[in-house]
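J.: For reference, the structure I am asking about is given below.
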Amino acid sequence: MINFSNSEGFGSFFDGFPGLIQQATESLAKSCSKDGALDPQSLDQQQVASYELALAYAEYRAAKVAWESYNSPATQMQQALCGIYIATAVQSIKARLEPLSPVFGIEQSDFDRFFCGGELRSAMQACLAPAHLAEVGREVIQLQGEVGQVDIDDDKGMMQTAFRKLAADIIEPRAESIHRQDLTVPEEILQPLREMGVFGISVPQQYGGTAPDADADNLSMIVVTEALSEASLAAAGSLITRPEILARALLSGGTQEQKSRWLPQVASGEKLCGIAITEPDYGSDVAGLSLKASPVPGGWLLNGAKSWCTFAGKAQLLFVIARTDTDRSLGHRGLSAFLVEKPGTDEHEFCFEQESGGRLTGSSIPTIGYRGMHSYDLVFEDYFVPEANLIGGAEGQGRGFYLAMAGLTGGRIQTAARASGVMRAALKAAVRYSQDRKVFGAHLGDYQLTQAKLARMAAQVAVSRCFAYSVGALLDSGEGQMEASLVKLFACRSAEWITREALQIHGGMGYAEETAVSRYFVDARVLSIFEGAEETLALKVIARQLLQDALDNGERHS
C-alpha cells in the first residue's frame, strides 16, 4: 500500500481549510443578519447555502478525525482507508462550495488556488488511483470487512465482545422473521437484554443503572448500540434510544422523587419506554406542538394527537411533550414534559380506557423498514396524568422543550452508533457475496470495480466509526454538543450510501427480501429522518450555530 507520510498535500488542506470555511461562514452570516443578529427571514432565503455549508463542515470534521487517525499509531490498512476518505471528502467539499462561492464571498482565483494546488492534487490522485483502490479492496476482502480501528479500553473491549456474541446468538437468527412478518420485538430478545443491563446504560448506578454517578458514559452506549445494530437496527439496536432520551430528560430536570421512582424501573427494563414528541402537523418543529395538557384536580388531562411514536405499543411508560400554556405565542416556552403510564401490548392497534373515562388509542404506521418496534399514531382523549408525573413538578412547567433537547442530544450520538452498526453489517454482507458470487467466470471480488467499491465503502465505515467514538469521548468530557449533531448528520448519510452500494453489489439478489442486505437498505433510510431530520439538523442546528459563532467572533474583533 502507498505510504503518504511524506505527502504535504493533505496537511496543507487541513492547515488552510479552517480559514476558508471561516470566510464562507462570515460572509453568509452577514447576509443572514440584521442589526447584528440572525434574521429568520434572511436565513430562509439562504437555505441552500446553509445546507451545503453544514454538510461540507460535517465532511470536513470527519476528514479531520481521519487525518488525526492517520497520523496516530495506526495499521497500514487504517492509514490507507483514512487517506481514501480524506481524498473523497475533499472532492465532495469542493463540489458543495464551488457553485456557491459568490454567496460565500470567495473569489474563484482563491478557490482554485486552495483546491487545485499541485500537492493536494497529487495526494488525492495517489489515494484514489484505481490500482490503489483495488489493492485496498482486496485487503478488505481478506479482512472480511472487519475495518475501522478504534481504541477502547479493556472494559469496553470485553463489553463489545459480549454484546457482539449476544447479537450473533440471539438477535441475528430472529431478525429476518421480525422484519418480514412485521412482528413486535419478542421477549426472547428483550429478556436477555434486560439481564445484560442494556436499558440502564444511560442511568447512573445510584438509580440502578450502569453509568457512573458523576460522569456520562457515552462510549459504553456507543459500543453496545453498534454491536446490537449490526444484528438488527429495529429488533435490538434502537431499544436503547428511548430509555436514554427519557433518562437524560429526567436527570436534567426531574425532581429527586421522580428520579428515585422511575429511573430504577427504566434501568431494569421493567418499564419499557416510548417517546411522544412529534405531531401530525409538526415534525422537527418542536416549538409548534399543540397536544394540550389541561390542569384538573390532582393532575392533568391530555387531549390531542401524536405521531411516529416508536415502540409506543409495547411501552408501558411514555415521555410526552404537551402544551400546558394556552398562549400559543409562547412557542416552546409553553411546553411541559410528562411521564404517561399505559399497559404494554404486542398488537398493532390498541385502545386503553381509564376508569375516569380517559382514553388512549394507538395505530401502528406501516413502513418499508425499521420493523419490529413499530411507530404509532396516538390519540389522547381526556387522558388523566397524575400531578406527580409532570417532570420537574410545578417548576417543570414550560421546560418541556429543554428537557426534550437534553434527551435528544444523546439520541443523536446514539443514532450515529446505530448507523455504524448497520454499515458494518452491510459491508460484511457485500464482502461475503463478492466471494460467493461468480459472473463471467470469476468471483465478483476479483474485479477491479468491485474492489474499488469495497475500498471506498470500508473507508467510509472506518472514518464514521472513528468520528462516532471521538464524539462520544467529547461528550463524556462535558463537551461535543455541536459534534453530536455533526456526526449524526454524517453517519446517517454514510449508512444510506453504504447499504445502497452493498445492495448493488448483490445485484438482483440484493432486491430480494430473502437477503439481509435488503433489510439493511430500508432500515438505513430512516436514520436521516428520525432524531432530527437531516434538513432540520443542517439548517436549524449546525448552520445556525456556525453562523451565530461567526457573528459573535465578528463582534469580539470589531
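Throughout, read-outs are computed from the coordinates displayed, never taken from laboratory work. Fair warning: this is a prediction, and the values are worked out from it, not measured in the lab. FYI the Cβ positions are ideal-geometry reconstructions off the backbone, even for glycines, and counts take in every protein chain you see.
J.: Lys/Arg Cβ at +1, Asp/Glu Cβ at -1, dipole of region 157-209 taken about the Cα centre: which of 189, 177, 201 is farthest positive-ward?
T.: The listed residue farthest towards the positive side: 201.
J.: Near the amide H of residue 312, under 5 Å away, which other amide H atoms are found, from residues 5 or more places off or on another chain, if H is placed in the peptide plane?
T.: The list, which skips near neighbours in sequence, is 376.
J.: May I pose another question? Along region 112-125, what does the Karplus equation 6.51 cos²θ - 1.76 cosθ + 1.60 (θ = phi - 60°) give for ³J(HN,Hα), rounded to whole Hz, x for Gly and Pro?
T.: Values, residue by residue: 5, 4, 7, 8, 10, x, x, 5, 5, 4, 5, 5, 5, 5 Hz.
J.: Which one of 439, 390, 269 is farthest out on the positive end of the charge dipole of the chain, using unit charges on Cβ (Lys, Arg +1; Asp, Glu -1) and the Cα centre as origin?
T.: It is 439.
J.: Something else now. Full-extension gain between residue 214 and residue 256, please, as 0.36 nm times their residue separation minus the C-alpha to C-alpha distance.
T.: 13.6 nm
J.: Once you put a point 7 Å from the Cα of residue 477 and another 7 Å from the Cα of residue 292, both along the Cβ direction, what distance in nm separates them?
T.: Taking the two extended label points, one gets 4.9 nm.
J.: Roughly how many nanometres apart are two label points built 7 Å out from the Cα toward the Cβ at residue 326 and residue 153?
T.: Between residue 326 and residue 153, the label points sit 5.5 nm apart.
J.: For a protection proxy built on the mean count of beta-carbon atoms within 10 angstrom, sort 518-525, 506-513, 248-255 highest first, please.
T.: Going from most to least packed, we get 518-525, 248-255, 506-513.
J.: Add -39500 (n - 2.57) for each DSSP H run of 4 or more in the chain, then divide by its residues: what number comes out at 222 nm, to the nearest 500 deg cm²/dmol?
T.: -17500 deg cm²/dmol
J.: I've got another one for you. Kindly give Rg over Rh for region 254-413, based on alpha-carbon atoms, with the Kirkwood expression for the hydrodynamic radius.
T.: Taking Rh as the inverse mean 1/r over Cα pairs, Rg/Rh reads 0.94.
J.: Students often get this wrong, so check it: of 306/342; 34/540; 165/438; 271/306, which have C-alpha atoms separated by over 23 Å?
T.: From the list (306/342; 34/540; 165/438; 271/306), the Cα-Cα distance tops 23 Å for 165/438.
J.: While we're here: Mind putting a number on the dipole of the chain about its Cα centre? Charges go on the C-beta only, +1 for Lys and Arg and -1 for Asp and Glu, and I need it in Debye to the nearest 20.
T.: The calculation lands at about 720 debye.
J.: With θ set to phi - 60°, apply the Karplus curve 6.51 cos²θ - 1.76 cosθ + 1.60 along region 64-80 and write out the HN-Hα couplings as whole Hz, x wherever there is a Gly or Pro.
T.: Values, residue by residue: 5, 4, 4, 5, 5, 5, 4, 8, 9, x, 8, 5, 4, 5, 4, 5, 5 Hz.
J.: Expected output is a single nm value to one decimal: the length gained when fully extending between residue 354 and residue 367, i.e. 0.36 nm times separation in residues minus the C-alpha distance. What is it?
T.: 1.7 nm
J.: Once the Cα atoms of helix 241-253 and of the chain are each reduced to a long axis, what angle between those two axes, in degrees from 0 to 90 to the nearest 10, is obtained?
T.: In the chain, helix 241-253 runs at an angle near 70 degrees to the longest axis.
J.: Let me ask something additional. Putting +1 on Lys and Arg Cβ atoms and -1 on Asp and Glu Cβ atoms, find which of 122, 302, 76 reaches farthest to the positive end of the dipole of the chain.
T.: 122
J.: Sequence-distant or interchain residues sharing an amide H contact under 5 Å with residue 279, placed H: which?
T.: 307
J.: Also: What list of ³J(HN,Hα) couplings, whole Hz, do you get for region 146-161 from phi and the Karplus terms 6.51, -1.76, 1.60, once you set θ to phi - 60° and write x for glycine and proline?
T.: Values, residue by residue: 7, 10, x, 5, 10, 7, 10, 6, 4, 4, 5, x, 5, 4, 4, 4 Hz.
J.: Output the relative contact order of the chain, whole-number percent, from Cα pairs under 8 angstrom with separation of 6+ residues.
T.: Across the chain, relative contact order equals 19 percent.
J.: Using only Cα atoms, locate the centre of region 485-535 and the centre of region 322-352, then give the distance between them in Å, rounded to an integer.
T.: 31 Å
J.: Can you work out the FRET efficiency for the pair residue 439 and residue 535, with r the C-beta to C-beta distance and R0 = 51 Å, to the nearest 0.05?
T.: 0.85
J.: Report the charge-dipole magnitude of region 275-403 in Debye, nearest 20, computed about the Cα centre from +1 at each Lys and Arg Cβ and -1 at each Asp and Glu Cβ.
T.: 320 debye
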